[in-house]
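Report on the structure given below.
The numbers here are math on the coordinates, done by the rules we state, and not lab data. Remember, it's a predicted structure, so these values are computed and weren't measured experimentally. When we count neighbours, we look across all protein chains shown, and the Cβ atoms used for this are built from the backbone with ideal geometry, even at glycine.
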Amino acid sequence: MKVLVAEKCGFCPGVRNAINLAKKTLAEQQKVYSLGPIIHNEDVVRQLSQAGLSTVESVESIPEGTALIRSHGATQQELETLHNKGLNIVDATCVLVKRVQKIARQLHEEGYHVVIIGDKNHPEVKAVVGSAEGVEVIGDESDLDKIFNHKKLGVICQTTQSPDYFATMIGYIGKLPFSEIKIINTLCRETKDRQEAAVKLCRQVDIMFVLGGLHSANTRKLAELCKKHNPQTYHLQNREELDINILSGKRVAGVTAGASTPDEVIREFVVKLEAYPV
Ligand code: SF4
């Protein structure tokens, strides 16, 4: 089978940096704890766990040693608690996520009511909410009621959302009666490039595969976008999940992967597809 891989896919610089920092820290220290899964990829989390990385869900669960902050970041309160406990902190928060947190604080200090467009359950959004006072999350049109009765509105976005979604939400917000709305584009270029490359590719192939963790927001978003343009789109975690029966009658397959999917997973998947006779 002919296989085409998206021009841009797989690890982004923020995730690569977090994994490298985790490996370096594990090589130098014992008792290393990650606050939440280091990335949304089970294979990588398992490998790092075998190398000694413990994953905990709250700062209270870190008794001693080193706390590793993942690329999605942590709230101000969590960081303060870690400091107060006297723990060593290794901060792998992506620089672009730090920028969103900084902008949220600045907007708040300038008197804006800050809203972040995104998924309220995503760790990055939770960390932004916890980095400045009164930040509201707008996930869809139904959340707009939350932001009445404020004069100055400051709008930012979760880094991994799509430009289309951002534009749609800005369209809704723009119709609200505010005397001032300040919009800062905090979308990540890496995400945008992956989405554009995926959409371009999925239009040219008979079947499209999006590889990555089922909890990875950016991977899910890639799959959602590809499905819109090519209904024959499948979101899988790795080659083990590929049922070759779905390849029947297809000649060209496209492959892309989320920002937390290792190169090795992509390579192995492509090899399996290429071996399928057409
Ligand atoms: S997707 Fe973008 S913002 Fe998120 S970790 Fe990667 S580089 Fe940073």
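Could you derive backbone 3J(HN,Hα) for the stretch 94-102 from the dihedral phi with the Karplus parameters 6.51, -1.76 and 1.60 (θ = phi - 60°), listing whole Hz in sequence and x where the residue is Gly or Pro?
Taking θ as phi minus 60°, the curve returns 4, 4, 6, 6, 4, 4, 4, 4, 5 Hz for the stretch 94-102.
With a cut-off of 13 Å, note down the residues of the stretch 29-52 whose backbone N falls inside the zone around a label point 7 Å from the Cα of N88 toward its beta carbon.
29-33
Near A223, within a Cβ-to-Cβ distance under 14 Å, what is the net charge of the other residues, with Lys and Arg +1 and Asp and Glu -1? Don't skip to the end; give the middle numbers.
On the way: positive: R194, R220, K221, K227, K228; negative: E224, E241.
Summing Lys/Arg as +1 and Asp/Glu as -1 gives +3.
Gain in length, V56 to I184, computed as 0.36 nm per residue apart minus the alpha-carbon separation, to one decimal in nm?
Working: separation 128, 0.36 × 128 = 46.08 nm, distance 3.29 nm.
My answer for the length gained is 42.8 nm.
How do the peptides 81-87, 165-171 rank, highest first, by the average count of neighbouring beta carbon atoms within 10 Å per residue? Numbers along the way, then the final one.
Numbers: 81-87: 13.9, 165-171: 15.7.
Most protected by this proxy first, the peptides run 165-171, 81-87.
Please list, in chain and number order, the residues 5+ apart from V3 or on another chain whose amide H is under 5 Å from its amide H, with Hs placed from the backbone.
Answer set, sorted by chain and number: A253.
Going by average Cβ neighbours within 10 Å, how do the peptides 128-141, 210-223 rank, with the highest at the top?
On the way: 128-141: 18.1, 210-223: 24.3.
So the order, starting with the most tightly packed, is 210-223, 128-141.
Ordered by packing density, taken as the mean number of other Cβ atoms within 10 Å over each peptide's residues, highest first, how do 239-248, 3-12 rank?
Working: 239-248: 12.0, 3-12: 20.3.
Result, highest mean first: 3-12, 239-248.
Take I246, project a point 7 Å from its Cα along the Cβ direction, then tell me which residues of the stretch 188-207 have their backbone nitrogen under 18 Å from it.
Counting only backbone N, you get 198-199, 201-207.
Is the chain best put as rounded, prolate or oblate by its Cα gyration tensor, with a ≥ b ≥ c the root eigenvalues, rounded for a/c under 1.5, and otherwise prolate when a/b is larger than b/c, oblate when not?
On the way: a/c = 2.79, a/b = 1.22, b/c = 2.28.
In terms of gyration-tensor shape, oblate.
Across the stretch 253-268, in residue order, what do the Karplus-derived ³J(HN,Hα) couplings come to in whole Hz, using 6.51 cos²θ - 1.76 cosθ + 1.60 with θ = phi - 60° and x for Gly and Pro?
10, x, 10, 9, 8, x, 5, 10, 9, x, 4, 4, 5, 5, 4, 4
So which residue, out of L144, L176, L21, gets the largest mean-square fluctuation from a GNM of the chain using Cα contacts under 10 Å as springs?
L176
I need the phi-derived Karplus couplings for the stretch 174-179: 6.51 cos²θ - 1.76 cosθ + 1.60, θ = phi - 60°, integer Hz, Gly and Pro marked x.
x, 8, 7, x, 9, 6
Normalised radius of gyration for the stretch 152-274, please: alpha carbon Rg relative to 2.2 N^0.38 Å, two decimal places. Please list the in-between numbers first.
Values: Rg = 17.3 Å, N = 123, 2.2 N^0.38 = 13.7 Å.
Here the answer is 1.26, to two decimals.
Could you pull out every Cys in the chain that lacks a partner Cys with its beta carbon under 4.7 Å away?
Lacking a cysteine Cβ partner under 4.7 Å: C9, C12, C94, C157, C188.
Report, in deg cm²/dmol and to the nearest 500, the calculated mean residue ellipticity at 222 nm for the chain, where each DSSP H run with n ≥ 4 adds -39500 (n - 2.57) and the sum is divided by the residue count. Walk me through the numbers before you get to the answer.
Working: 9 runs with 107 residues, N = 278.
Roughly -12000 deg cm²/dmol at 222 nm, from the helical runs in the chain.
Return a single number: how many Lys pairs in the stretch 96-189, at a sequence separation of 8 or more or on separate chains, have alpha-carbon atoms below 24 angstrom apart.
24
Sequence-distant or interchain residues sharing an amide H contact under 5 Å with V114, placed H: which?
Amide H neighbours of V114, under 5 Å, 5+ apart: E136, G154.
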